[in-house]
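This report concerns only the one structure given below.
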Amino acid sequence: MADTRPVPDDPVDVYEQIQEHEDRDRQPIAVALDTTVKRIGSVVMWANILLIAAIVAQVAFRYLLNQNFPKLDEIQWHFYGLVTMVGISFALVTDSHVRVDLLYMQLSRRAQRIIEVIGILTLLVPFIYLMIDQGYDYFYESWRVNERSDSPTGLPGRWALKAVIPVSFVLLAVAALARLIHDAHALFVNAPDERKGKDLRLILWALVGFAVVATGLTFVVETTEEKLVIAMFLTFIALLFTGFPVAWTLAGVGVAYCGLAYLFDNDLMLWTGLESTFTGLDYLTLGAVVNRVYATMSNAVLVALPMFIFMGLMLDESGVAERLMGAMQRLFGTVRGGLAITVTLIGIILAASTGIIGASVVLLGVLSLPSMMQQKYNPSLAAGVVSASGTLGILIPPSIMLVIMADQMALSVGDLFMAAVFPGVIIGVLYLTYIFVIALIKRDVAPVPEGAKRPDWAALKDVLVAVLPTLALILAVLGSIFAGLTTPTEASGVGALGATLLALLYRKLTLQKLVNVLKSTFNTTAYIFAIFLGATVFSYVLRELGGDELIEHTIQSTGFGPTGTVLFILFIVFLLGFVLDWIEITLIVLPLMRPIVNGLGLDVPGFDAIDEPALVWFVILVAVTLQTSFLTPPVGFALFYLKGVCPPEIKLMDIYKGIIPFVLLQLTGLALVFLWPALATWLPSVAY
């Protein structure tokens, strides 16, 4: 899944540049609706600054005044809920949602518009109607009883946060209407340049292929519910390749199969030759997802998401990477493969400061690829080093993936952060070792630059000056978590403030850059949260259809034993990484594995300090496996981000060849953690 535009730093500005020529031909009402949503979003995104202030204030009050204010905790997730829920409509009008572009980008603009119109009407509109209707009832009941905080000293008027659900979906409906009007107008005008590219037959043949596979697989199981589960999974994967946003594909498929289950429950599908079902799914039971949405938008753990995203993006704007690149190049200038080693080391440092893979890959690519080509590096090695180094941020803490995994698996974020340190560092060391060895064996793939000077004390001083402030910030964030001084959420707010102060120290922070960071944070948080919403509906329907029992029975019936079962699950996750993004796997597949892993009776060392060492170890194994999903074609994020910024002499095939050794190195790191579970469980056991 990838958006091939090489612009994770500020997708809003780039989207507006792309749309400049289209805006002149758009219907005035569509422009007015778009503008309304953008203006509301441009105001709400500043709530991230208030969120930072609330988090830092809570930490300061606790340590300076020995006071704790529950109201401040609740204010934090009020701001988080507001930002995420309003952000989904802003992301829609700025086209920032995640989609699978593999086939979509080959289509003509006209075909893309047809897909968007059909997708909005059949997948997004039913979901919007459900959330407005059921969300209003949910809010009204809270307002009627004047619901307040569970804490006696908490905030009154809890209905105000619940009102955000129907209001934000009304705003999403406005954004969807604007896109429908714009697309319908463009289809009616039918400009010749909109027909450049392939037509819908490409997508239709792909859907036919998936339909054949789905039909074949349904004969493997017996009950109607099991057939619906398989069909639901394959329908979701098939529709992903239409290029419609992942979040709304999840939600739409969930709503559609709820309706299909209702028909089977009421004997209205007997003409298919299948037996009736007893799922109990209908419109009212599906409305229960509103409560789950509220639980997600008021989740104190997930408040860390926008803060870590803000921290990483602000560090990118501060020029830290440019300083490190210049200083380290001088330090490793005479080492064969020195530039590749520099890129990897910077990737490790960036990984410990940001989990935004797109930003890291693009930044490293822009800074290093032209120099690598100038120094006559092998194109495949150059592309592989940049893309692999940029993906380290999804594993090395503070990682947004680990935050979400902790929430989904009911584990401590701090435990997962600590458990991921050694595996992340090991993979980084494997990268460095490979680069050093390949540069010695094949001297032409990473030559020493002509005229390179030996490093001196001045070069070492420049490196220390460049790296120490960043390392101090990283140690402050991770150290405070590991020492138990702050929660991950509190550390994320402190880190966001620290990154801002670092940008001020380097004199890189301007009002425009702050706005850019806020916009990117707003969009990135929004599309992740939108996938949360879609996955909530999808998972709810899947469970009601008996999908968890089917998956559990299928895995347990393999007879592989505890170790073999874990390997089998990891293999499935690895394969899913070729076609799904880590977010969908984490939100849909990973929670289904918890009861299976708990029932295996794995003997994993917890050193008498970790409550569920086997689960912590398993989650880290999945996290390492999912790191490969950024590099594996056809839909690896890093590949498309890199292709957007690489010099013309680096072809797509060079990128594909370049990532192969690094995927093997990632799997080697996975094998090490699998063979020695203590690599994941020892550090959490001694941290406190």
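A few remarks follow.
- For the residues L315, L339, L324, the requirement of being assigned to a helix (DSSP H, G or I), surrounded by fewer than 24 Cβ atoms within 10 Å (Cβ to Cβ), touching a residue at least 12 places away in the same chain (Cβ under 8 Å) and not assigned by TED's automatic domain parsing to the domain that holds M85 singles out L324.
- Take the conditions (1) buried (at least 20 other Cβ atoms within 10 Å of the Cβ); (2) more than 26 Å from the chain's Cα centre (by Cα); A496 misses just one of them, which is (2).
- Picking from residues in the stretch 348-365 that are within 21 Å of A420 (Cα to Cα) and not hydrophobic (A, V, I, L, M, F, W, C), the one that is modelled with the highest pLDDT is S360.
- Single unsatisfied condition, V220 versus (1) closer than 25 Å to G547 by Cβ; (2) in a helix (DSSP H, G or I): (2)
- Every pair of residues 6+ apart whose Cβ atoms lie under 9 Å, when the first sits in the stretch 206-220 and is in contact (Cβ under 8 Å) with a residue 24 or more places away in the chain while the second is surrounded by 12 or more Cβ atoms within 10 Å (Cβ to Cβ) and not in a helix (DSSP H, G or I): A206/L103; A206/F241; A206/T242; L207/F241; L207/T242; F210/F241
- Out of L432, L416, L402, L392, sole residue that is assigned by TED's automatic domain parsing to the domain that holds L315 and in contact with a Gly (Cβ under 6 Å, 6 or more places away or on another chain): L392
- Of all residues making up the stretch 636-665, the number that are buried (at least 22 other Cβ atoms within 10 Å of the Cβ) and either of a type in the set (K, R) or over 27 Å from K376 (Cβ atoms) (or both): 1
- Every listed requirement among (1) at pLDDT 90 or above; (2) crowded, with 22+ Cβ neighbours inside 10 Å is met by V477 save one, (1).
- Count - residues of the stretch 25-57 that are under 27 Å from A300 (Cβ atoms) and part of a helix (DSSP H, G or I): 16
- Hey, G644 over 21 Å from L679 (Cβ atoms), out of contact with any His (no Cβ under 6 Å at 6 or more places or on another chain) and in a helix (DSSP H, G or I) or not: yes
- Residues of the stretch 58-83 that are in a helix (DSSP H, G or I) and touching a helix residue (DSSP H, G or I) at 6+ places or on another chain (Cβ under 6 Å): Q58, V59, L72, I75, Q76, H78, F79, G81, L82, V83.
- Applying the set (1) more than 30 Å from K643 (Cα to Cα); (2) under 26 Å from the mean Cα position of the chain (by Cα) to N146 leaves exactly one unmet item: (2).
- Selection within the stretch 537-559 - outside any loop (DSSP other than H, G, I, E, B), touching a residue at least 40 places away in the same chain (Cβ under 8 Å) and surrounded by fewer than 22 Cβ atoms within 10 Å (Cβ to Cβ): Y540, E544, D548, L550, I551, E552, I555, Q556
- Flag: D608 does not match the condition of being more than 20 Å from Y527 (Cβ to Cβ), among the acidic types (D, E), modelled with pLDDT of 85 or more and surrounded by fewer than 19 Cβ atoms within 10 Å (Cβ to Cβ).
- As a summary of the residue check, E141 satisfies the conditions (1) more than 22 Å from V86 (Cβ to Cβ); (2) modelled with pLDDT of 90 or more; (3) within 29 Å of the chain's Cα centre (by Cα) except for the one numbered (3).
- Flag for V290 being of a type in the set (V, I, T), surrounded by 21 or more Cβ atoms within 10 Å (Cβ to Cβ), modelled with pLDDT of 85 or more and touching a helix residue (DSSP H, G or I) at 6+ places or on another chain (Cβ under 7 Å): yes
- Verdict on L155 being touching a residue at least 40 places away in the same chain (Cβ under 8 Å) and part of a loop (DSSP other than H, G, I, E, B): yes
- Residue in the stretch 182-195 that is surrounded by 17 or more Cβ atoms within 10 Å (Cβ to Cβ), under 23 Å from C258 (Cα atoms), hydrophobic (A, V, I, L, M, F, W, C) and outside the structural domain of V246 (by TED's automatic domain parsing) present: no
- Options S371, S380; residue that is small (G, A, S), out of contact with any Asp or Glu (no Cβ under 9 Å at 6 or more places or on another chain) and either in a helix (DSSP H, G or I) or not assigned by TED's automatic domain parsing to the domain that holds L497 (or both): S371
- Among the residues of the stretch 567-584, those that are within 18 Å of V673 (Cβ to Cβ), in contact (Cβ under 8 Å) with a residue 24 or more places away in the chain and within 24 Å of the chain's Cα centre (by Cα) comprise I569, L570, V573, F574, G577, W582.
- Test: residue in the stretch 272-279 that is free of Cβ contacts under 8 Å to residues at least 60 places away in the same chain, of a type outside the set (F, W, Y), touching a helix residue (DSSP H, G or I) at 6+ places or on another chain (Cβ under 7 Å) and in a helix (DSSP H, G or I): no
- Of the residues L161, L228, L217, L250, the single one that is more than 27 Å from Q112 (Cα to Cα), in contact with a Phe, Trp or Tyr (Cβ under 7 Å, 6 or more places away or on another chain) and among the aliphatic types (A, V, I, L, M) is L228.
The values are calculated or read from the model by the stated rules, or taken from the named source; none is laboratory data. As the structure is a prediction and not an experimental result, all values here were calculated from the model. FYI the Cβ positions are ideal-geometry reconstructions off the backbone, even for glycines, and counts take in every protein chain you see.
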